[in-house]
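The next block holds one structure in the form of structure tokens; read it before the comments.
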Protein chains: 4
Amino acid sequence: MTTHHFEPTHYFTAIGSHEPVLRIAPGDTVITTTVDARGQDVNSQAITPPGNPMTGPFYVEGAEPGDTLVVHLDKLTPSRTYGWTAKMLAPNVVDPEYVPQLPWHPEEPRGPAKWHVDAEAWTATLLEPETKLGKLTLPLNPMVGCFGVAPDKGQAISTATSAEHGGNMDYNGFVQGVTVYFPVFAPGALFHIGDGHARQGDGEIVGTGIEISFDVQFTVELRKGKRIGWPRGENEEYIFTCGNARPLDQCVQHATTEMSKWLQEEYGLDARGAHILMGQTVKYDLGNIFDPAFTMVCKMPKNVLPSPTV
Amino acid sequence: MTTHHFEPTHYFTAIGSHEPVLRIAPGDTVITTTVDARGQDVNSQAITPPGNPMTGPFYVEGAEPGDTLVVHLDKLTPSRTYGWTAKMLAPNVVDPEYVPQLPWHPEEPRGPAKWHVDAEAWTATLLEPETKLGKLTLPLNPMVGCFGVAPDKGQAISTATSAEHGGNMDYNGFVQGVTVYFPVFAPGALFHIGDGHARQGDGEIVGTGIEISFDVQFTVELRKGKRIGWPRGENEEYIFTCGNARPLDQCVQHATTEMSKWLQEEYGLDARGAHILMGQTVKYDLGNIFDPAFTMVCKMPKNVLPSPTV
Amino acid sequence: MTTHHFEPTHYFTAIGSHEPVLRIAPGDTVITTTVDARGQDVNSQAITPPGNPMTGPFYVEGAEPGDTLVVHLDKLTPSRTYGWTAKMLAPNVVDPEYVPQLPWHPEEPRGPAKWHVDAEAWTATLLEPETKLGKLTLPLNPMVGCFGVAPDKGQAISTATSAEHGGNMDYNGFVQGVTVYFPVFAPGALFHIGDGHARQGDGEIVGTGIEISFDVQFTVELRKGKRIGWPRGENEEYIFTCGNARPLDQCVQHATTEMSKWLQEEYGLDARGAHILMGQTVKYDLGNIFDPAFTMVCKMPKNVLPSPTV
Amino acid sequence: MTTHHFEPTHYFTAIGSHEPVLRIAPGDTVITTTVDARGQDVNSQAITPPGNPMTGPFYVEGAEPGDTLVVHLDKLTPSRTYGWTAKMLAPNVVDPEYVPQLPWHPEEPRGPAKWHVDAEAWTATLLEPETKLGKLTLPLNPMVGCFGVAPDKGQAISTATSAEHGGNMDYNGFVQGVTVYFPVFAPGALFHIGDGHARQGDGEIVGTGIEISFDVQFTVELRKGKRIGWPRGENEEYIFTCGNARPLDQCVQHATTEMSKWLQEEYGLDARGAHILMGQTVKYDLGNIFDPAFTMVCKMPKNVLPSPTV
């Protein structure tokens, strides 16, 4: 049960079987940092090329294809006061004929909207541009935009997108206190993490959350021989499954199938019981509808579930 | 401000420009009843063919194409104790290759799962079939599955599906206390209502909520000359817009476009401000992913919005 | 075997159970006319409101729900020289971020592109606007954009869209000489026809073919008790099935399922044989990707099929 | 203008920036071989793991990101007589509720359908299983299922799928005589090729063509500084563009956008002219609707195009 303090020196914009930056054991905790989506660090300096640069990969001793990597998100804290967001709805989230009416405004100053993030006060305040919103202050909800493990077949998949291995899911439910389960495809699992958001609306419909650098602490465990199909997660209230694909319909199919299996594998339910229960109690969250692969999350409230059998 | 007590004698399974059953004025309240999705009434007797039979249509004096019909859902109460649900996830909500593993079980007794609905105790309890769920009791959340106004062009649209005129949206947010706005396409608006659910999970992924007959009370108002594109709604916490289409991506496009317009039309926001705000605060709910047209709902928390200007 | 000469006096922009304009018997032939998509007749006069106005409905004696209506497209001839098309790709057929780069050109004269259609020379020539295309002359391929039968449940469905009953499929394979099969949902089938195109590219990606009025001749037959799921068709080279839905993936699902059934029902194939054959010989055409429901067509070459058993 | 005879010793199942197996110059020709989708060679021996193993990558001297790699498919010849196909429609290409009716038949012998491929007679004949098809003989149409160049950002993308870099497009138009254009993302372009099919229906709806090993000859050229967005191609009759994504609608968007750009960049057309022309003359082919990313192809007949200006 070692606690590692790890300071990254380089970053990756594809999640794959890169040379590990650190070897850790199940039960270990890592305290480290992440840069923002454009590669800007705690001092708002661009220290690596943009595109959701990842801290890692961390090699987890003993992890092999067919296992499940368990990641506890112990702490996720914005590490600076400067946050930024995009300023316009993504063209793909509005009706095609409405796209020309989006505020393209080429005459406006370029660059993102700027926010002051106050981790003490737990608020983000819009600084610019000036709009009819006036002074807008929102509560924080720090979340991880992109994290996951090396995919199978020696693939290296861009941190712009997501798949069975996790990746850029941009789901605002990946917050401190959550436990996440990833299917292991490569020896050592090779865990990557980055792309912190101080908060984000559902769907990441402007293409960003409030992008910021993070101080991160996580703890890993391993479930040997436990094979799952898609990232799963758990918080105090819900268990949940993630489906990453396009269109959203297919995300729902992946997440729902994974939940149906989970309830039968680990909660002692028969198919009939699981389906009747899901039908009347399931919840869905929209992770993102911006990235090349979208994300839908299927959630089951723990208070309607039998006790887990595993 | 008349209160009408209306007892239906016949029902429609397409929403269209049928002969009105009652003429009411803006400000009027209607107290009436609805049968369940299979046409079963308060006594669980099938009194009309199945397929979401509608009570109505109600002709609202003065309503003309280009207006908005306002419907307050004053009371939605299950009117009997027998509720029923389907027992299997719909094939379209799981991965195609998982479909054969659904519990088709041809040897099992046919017919729906049966629930005891106790409107006093505010609970629904699963009676049969027997499963590993054991005795499952869930809180009620009575909602309208299908309601809306006559569509344009003299169309009559099946109550199996939904579109700009509303219809079978199967959204579990359409509960007592909510106000709903429909675009008016035909003289008198011609409001239809039915398909009550004692509760329902997101997505209506087994194809039903807990289907039941309802006692219903609603009050109508009219916004003359106010043109909207899709059904809108409002509760204490949120304003929301509905997009009805396939795939879910297109639902999101419709609902998001409608919200972007609403914020600029009635909340004094410029496009830039509306987009920045939506990006970091929007929520989405999945209405249904079962009917021919799916439904996604775009919600904005009232506590981040300026005061309405209209 | 009567030949009816029918001159329409009114038109419908929804396909439904309207009062029939003529009663005909199986084996009968109808010679009639259709107006163009904007309701313009042989003299280019707008005689009825726009939106694919339909000639009909024709009541076919003896047709009942569960039968199949057979329609032979005997003659489809443009009846005037003026044709028109839209001038810009539809926003939904290009990448969302490319939409602002479409030639919206508000400064240009409004109105459609104009074509001279010469049914003798079998050509259409672009008259205006002036573009770098210069003088463009294309061969004709006259086709029916919208036709079908009354849908079930008393529905009336806009001629802007399509479904199991046919409708606005905008498929450039519906040409003279083709036989089309429609499922019958209402007594008399209630056949409607209109929306002639002098030619059209795949997908109707600008939202129109070369729109024009038609002289039409068709002959109907009835297959009693033959139940089909989607419109089917046949020409010299292929049998084909139509799937109308969104997204295109679902169109493919409908059309492919219908073809799989057809081969097993009427060509003496077992499922295994039908699937192996389809896998290596099937063709797909894109009908339209513009209307509310899209259309994909699944085709099987007759020269690889066994003789029909029916 | 060297002709290289290259004998592969190892294969890749992800297309990426692997160590090149050969360096070639623009203008050079390569004569080589490919194994089938399961890694079986000319002797039907499995010599490498399955999953569309690629021959290559070939490093093209001088190729840099922002260039276009031109590949002439000079010769594509099945190199053995044994071909195999899958035997059942893929679950995702039929209606979800039809999936249980597919011929899963667990009691049948496992394994693929077997075909005798006669490259002299230019035929493929079904050997087993026995079905009501009897003896089925089809003409050959040898095509490349999977080929492309290393993607950007250091990605390595599974040969099960496709994207801007090409990959597993499974389009039956990629036959001998065709010229293909790929955007270059990595130094040397790093061209990979494999997954030969003796023939294939549209859509690869059973998940395979007639899978077989190939003798391959191709010639490369380079267009320096020519930036394209998606794979393009050309045969005697058409120019065409490929869109690889999900759902098919998005494939159409990519392919159509790319064609609109091409016509304006290289055929001297203004946007207005290009759009009017595309609307009435475009064709679409369905590449595959089986792989994780689907493929639609947008084709323009050369005989309606002005002469290329480039």
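According to the calculation over all Cα-Cα pairs in the range D:84-145, the P(r) per 10 Å bin from zero is 18, 41, 32, 9, 0 %.
Give the dimensionless ratio obtained when the Cα radius of gyration of the range D:1-67 is divided by 2.2 N^0.38 Å.
Working: Rg = 13.1 Å, N = 67, 2.2 N^0.38 = 10.9 Å.
Relative to the 2.2 N^0.38 Å estimate, the range D:1-67 comes out at 1.21.
Shortest first, residue B:64 label-point distances to identical copies amount to 4.7, 6.8, 7.8 nm, with the label point at 7 Å from Cα along Cα→Cβ.
Scaled against the 2.2 N^0.38 Å expected of a compact globular protein of N residues, the Cα radius of gyration of the range B:1-127 reads 1.37. Ordering of A:249-256, D:39-46, B:272-279, C:263-270 by packing is A:249-256, B:272-279, C:263-270, D:39-46, highest average first (other Cβ atoms within 10 Å, averaged per residue). Inter-chain neighbour count for B:99-106: the average number of beta-carbon atoms from partner chains within 10 Å of each residue's beta-carbon is 5. Inter-part distance, the range C:157-207 to the range C:15-80, computed on C-alpha centroids, equals 11 Å. Across the identical copies, the 7 Å label point of residue B:101, projected outward along Cα→Cβ, sits 2.4, 4.4, 4.6 nm from its counterparts, in ascending order. Calculate the spin-label point distance for residue D:236 paired with residue B:64, positioning each point 7 Å from the Cα along the beta-carbon direction, and give it in nanometres. According to this spin-label approximation, the distance is 6.5 nm. Peptide A:197-204 is shielded by partner chain Cβ atoms: per residue, an average of 5 of them sit within 10 Å of its Cβ. Estimated purely from DSSP H runs of n ≥ 4, each contributing -39500 (n - 2.57), the mean residue ellipticity at 222 nm for chain D is -3000 deg cm²/dmol once divided by its residues.
Label points for residue D:4 are taken 7 Å from Cα along Cα→Cβ. From this copy to the others they lie 4.0, 7.1, 8.1 nm apart, shortest first. Cross-link partners among aspartates and glutamates for residue B:132, C-alpha distance below 20 Å, same-chain residues fewer than 8 apart left out? The reachable aspartates and glutamates, counting only those whose Cα sits under 20 Å from residue B:132, are A:258, A:265, A:266, A:270, B:107, B:108. Equivalent-ellipsoid semi-axes for the range B:121-269 (Cα gyration tensor, √(5λ), whole Å, largest first): 30, 17, 16.
Rounded to the nearest 10 degrees, the inclination of helix A:248-266 to the longest alpha-carbon principal axis of chain A is 30 degrees. Which percent of the Cα-Cα distances in chain D go past 36 Å? Counting every Cα pair in chain D, those more than 36 Å apart make up 17 percent. Over 32 Å apart at the Cα level, from the set A:135/A:302; C:261/D:114; B:75/B:261, are A:135/A:302.
Peptide A:84-90 is shielded by partner chain Cβ atoms: per residue, an average of 5 of them sit within 10 Å of its Cβ. Along the range C:22-39 the Karplus relation, 6.51 cos²θ - 1.76 cosθ + 1.60 evaluated at θ = phi - 60°, assigns HN-Hα couplings of 7, 9, 10, 10, x, x, 6, 10, 10, 10, 8, 9, 10, 8, 7, 4, 9, x Hz to successive residues, with x for each Gly and Pro. Cut-off 20 Å, label point 7 angstrom out along Cα-to-Cβ of residue B:121: give me the residues of the range A:259-276 whose amide nitrogen falls inside. Under cut-off, by backbone N: nothing. Per-residue 3J(HN,Hα) values for the range A:267-283, derived from phi via the Karplus relation 6.51 cos²θ - 1.76 cosθ + 1.60 with θ = phi - 60°, read 10, x, 8, 7, 4, 4, x, 4, 6, 4, 5, 4, x, 9, 9, 5, 10 Hz in sequence order (x marks Gly and Pro). Loop-located chymotrypsin sites (Phe, Trp or Tyr not before Pro) across the range C:52-124 with a Cβ neighbour count of 15 or fewer within 10 Å are C:104, C:122, with loop assigned by DSSP.
The orientation-averaged shadow of the Cα convex hull for the range A:232-304, equal to a quarter of the hull surface, comes to 4.6 nm².
If I build a Gaussian network model for chain C, linking alpha-carbon pairs within less than 10 angstrom, which residue out of C:154, C:194, C:51 has the largest mean-square fluctuation? Result for chain C, Cα springs under 10 Å: C:154 fluctuates most. When chain D is turned onto chain B, its residue with the beta carbon nearest the axis, and that distance in whole angstrom, is D:99, 2. Geometric descriptor of the protein assembly as shown, per residue, is 175 Å³ (volume of the convex hull of the Cα atoms).
Converting phi to 3J(HN,Hα) with the Karplus coefficients 6.51, -1.76 and 1.60 and the offset θ = phi - 60°, the range D:62-73 yields x, 6, 9, x, x, 8, 10, 8, 9, 10, 8, 7 Hz in sequence order, with x at every glycine or proline.
Quick note: the coordinates plus some simple rules give every number you see, no bench work behind them. Since the structure is predicted, the reported quantities are computational estimates derived from the model, not experimental observations. All Cβ positions, even for glycine, are placed from backbone atoms using ideal geometry, and neighbour counts span all protein chains on display.
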